[in-house]
Amino acid sequence: MATATFGTWPPDFHDQSVAGEDYWLVRPMVFHDLYIPASSQHESEDESHHHNCFVDSDGYIRYPSGGPSDDHITHWAALPFLPGLTTHVANGHEATEALARAREA
């Protein structure tokens with residue numbers, strides 16, 4: 001799904017022209033009822049279980065507003081269907097077929 005989060009660039013940010021300014025960040029993320037990071041899946045006593053969270057491709061975890069951290073998602077929406085298909089999958093056979101249809105159009 002597409003998600004949006006809000007933040008403020010730190011005062012010591014390398015690009016001083018935006019340091020201290022607010023920003024919106026929109027990213028594709030996956031929602032998980034239960035998320036266990038790959039690095040902790042093999043540990044016997046794991047404290048890295050995350051419930052009802054969004055995870056981006058870098059493994060960064062954000063929660064809906066009111067979640068257990070201050071870094072939260074402000075908005076989210078389902079991604080559109082792939083061209084000519086009824087799926088949102090962006091890999092494998094479905095993506096190859098959708099890309100071919102988009103090129104034909």
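The values are calculated or read from the model by the stated rules, or taken from the named source; none is laboratory data. No experiment lies behind these values; they were computed from the predicted model shown. Because the Cβ atoms are built from the backbone with ideal geometry, glycine has one as well, and the counts that use them run over all protein chains shown. Ligands, DNA and RNA are excluded from the accessible area calculation, which covers all protein heavy atoms including side chains. Shrake-Rupley method; radii C 1.70, N 1.55, O 1.52, S 1.80 Å.
Does Gly7 satisfy being part of a loop (DSSP other than H, G, I, E, B), among the small types (Gly, Ala, Ser) and modelled with pLDDT of 85 or more?
On the way: part of a loop (DSSP other than H, G, I, E, B): no; among the small types (Gly, Ala, Ser): yes; modelled with pLDDT of 85 or more: yes.
Criteria not met by Gly7.
Counting only residues that are at pLDDT 85 or above and open to solvent by less than 40 Å² (accessible area, probe 1.4 Å), which one in the range 65-97 is farthest from Thr5 (Cα to Cα)?
So, considering only residues that are at pLDDT 85 or above and open to solvent by less than 40 Å² (accessible area, probe 1.4 Å), the one farthest from Thr5 (Cα to Cα) is Gly67.
Which one of Arg103, Arg62 is at pLDDT 80 or above and loosely packed, with under 10 Cβ neighbours inside 10 Å?
Arg103
Can you confirm whether Val26 is under 29 Å from Leu99 (Cα atoms), at pLDDT below 90 and not charged (D, E, K, R)?
Answer is yes for this residue.
Mind checking which residues of the range 1-24 are open to solvent by 70 Å² or more (accessible area, probe 1.4 Å), of a type in the set (Ser, Thr, Tyr) and within 20 Å of Thr74 (Cβ to Cβ)?
Across the range 1-24, the qualifying residue is only Thr8.
With the requirement that a residue be more than 30 Å from Glu97 (Cβ to Cβ) and either small (Gly, Ala, Ser) or without any contact (Cβ under 8 Å) to a residue 40 or more places away in the chain (or both), what does the range 57-83 give you?
Tyr60, Ile61, Tyr63, Pro64, Ser65, Gly66, Gly67, Pro68, Ser69, Asp70
Scan the range 25-51 and report the pairs whose first residue is under 19 Å from Pro80 (Cα atoms) and surrounded by 13 or more Cβ atoms within 10 Å (Cβ to Cβ) and whose second residue is modelled with pLDDT of 90 or more and aromatic (Phe, Trp, Tyr), with Cβ atoms within less than 7 Å and a gap of 6+ or a chain change.
Listed by first residue and then by second, the contacts come to Met29/Phe54; Phe31/Phe54.
State whether one or more residues within the range 35-53 are in contact with a Lys or Arg (Cβ under 9 Å, 6 or more places away or on another chain) and either polar (S, T, N, Q) or at pLDDT 90 or above (or both).
Our first condition is that a residue be in contact with a Lys or Arg (Cβ under 9 Å, 6 or more places away or on another chain); within the range 35-53, this holds for 53.
With either polar (S, T, N, Q) or at pLDDT 90 or above (or both) added as a condition, the list becomes 53.
Within the range 35-53, one or more residues are in contact with a Lys or Arg (Cβ under 9 Å, 6 or more places away or on another chain) and either polar (S, T, N, Q) or at pLDDT 90 or above (or both).
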